[in-house]
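The values are calculated or read from the model by the stated rules, or taken from the named source; none is laboratory data. Computed from a prediction, not measured in an experiment: that's the story for all the values here. Don't worry about glycine lacking a Cβ; one is built from the backbone with ideal geometry, like all the others, and counts go over all protein chains shown. We work out accessible area using only protein heavy atoms, side chains counted, and drop any ligands, DNA or RNA first. Shrake-Rupley method; radii C 1.70, N 1.55, O 1.52, S 1.80 Å.
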Amino acid sequence: MTYQVTPIHAFRDNYIWCITRKDTNECIIVDPGDASPVIAYCEQNNKKICAILITHHHADHIGGVSGLVHSQYMVSNATIYGPEETPCSHINHRCREGEQIDIPPLNITLSILEVPGHTMDHIAYYNQDWLFCGDTLFSCGCGRLFEGTPEIMFHSLRKIHALDDNTQVFCAHEYTQSNIDFALTIEPNNTALQQYANHVKRLRENQQETLPSTIGLEKDVNPFLRWHDAQLKENLSRHWQCEVSDDIETLAMTRRWKDTF
Ligand SMILES: [Zn+2]
């Protein structure tokens with residue numbers, strides 16, 4: 001069974017991920033902020049949508065749901081998965097932490113992680129191979145804390161940190177290049193990060209996506225998953241001219257630095 005996960009570009013830097021399998025024309029769409037590029041994709045590739053996965057309530061993630069539901073590209077019994085609290089009346093399956101959802105047309109099972117912080121309703125979908133994390137984690141970055149505290153985000157990122165290193169990470173935005181500029185400022189001596197910066201620079205020069213990333217790579221290069229690192233703590237302490245020793249404080253101070261970068 002060969003699956004493919006394809007980015008559909010939307011707005012300036014959003015990715016709407018589309019999961020397909022060779023032997024069926026049905027597909028799964030993740031976070032459709034805009035219906036039109038998804039409809040164009042379905043038209044060009046002869047696809048019908050059997051499920052939509054929503055990670056959180058921001059318009060650039062759910063804005064296209066209504067247009068898709070009312071289009072000819074949805075199968076009649078399609079399931080719209082989403083968080084418990086997201087105000088979207090099209091969601092017909094509300095997901096909770098630890099739940100497993102089965103999407104039979106593609107024979108896919110995904111588990112749910114509640115990952116509040118960027119927003120309080122935020123969830124992620126994952127299995128052994130994939131993580132669809134919306135705006136919680138970006139390559140070399142994390143989502144802004146619009147609704148949660150650093151402590152809440154820390155517990156969410158810790159769940160992601162615990163996933164298998166080989167899990168591919170499908171973030172909802174192409175922010176990698178600018179995130180690396182910040183990461184290199186806060187961790188200038190991280191050699192894995194320096195190598196990744198060169199790799200990403202080449203990809204972007206050729207207009208290629210930098211995603212998916214992997215959990216293993218992010219643990220090496222993403223300062224928002226490196227709260228345990230002594231050198232990072234030291235760099236933060238120097239920047240903020242105070243003692244940063246606690247892991248949650250490390251994440252908080254990293255996020256605060258990024259917010260003003
Ligand atoms: Zn968002």
Note on the range 106-148: residues touching a Lys or Arg at 6+ places or on another chain (Cβ under 9 Å), assigned to a loop (DSSP other than H, G, I, E, B) and under 25 Å from Gln194 (Cα atoms) are Asp135, Arg144
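Which count do you get for residues in the range 178-211 that are over 21 Å from Leu131 (Cβ atoms) and open to solvent by 70 Å² or more (accessible area, probe 1.4 Å)?
The qualifying residues number 12.
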Scanning the range 13-35 for residues that are part of a loop (DSSP other than H, G, I, E, B) and either of a type in the set (Val, Ile, Thr) or touching a residue at least 60 places away in the same chain (Cβ under 8 Å) (or both) gives Asp13, Thr24, Asp31
> Does at least one position in the range 71-84 carry a residue that is over 22 Å from His118 (Cβ atoms), under 20 Å from the mean Cα position of the chain (by Cα), among the β-branched types (Val, Ile, Thr) and at pLDDT 95 or above?
Replying inline: no
Of the residues in the range 59-75 that are assigned to a loop (DSSP other than H, G, I, E, B) and open to solvent by 40 Å² or more (accessible area, probe 1.4 Å), the one that is farthest from the ligand (Cβ to nearest atom) is Gln72
Going through (1) in a helix (DSSP H, G or I); (2) surrounded by fewer than 23 Cβ atoms within 10 Å (Cβ to Cβ) one by one, Val38 fails only at (2)
If you go through Ile123, Ile152, the only one that is more than 12 Å from the ligand (Cβ to nearest atom), aliphatic (A, V, I, L, M), open to solvent by 10 Å² or more (accessible area, probe 1.4 Å) and in contact with a Pro (Cβ under 6 Å, 6 or more places away or on another chain) is Ile152
Checked pairs for the range 223-252, first closer than 20 Å to Leu157 by Cα, second outside any helix (DSSP H, G or I) and open to solvent by 20 Å² or more (accessible area, probe 1.4 Å), C-beta under 6 Å and 6 or more apart or across chains, list as Leu232/Arg226
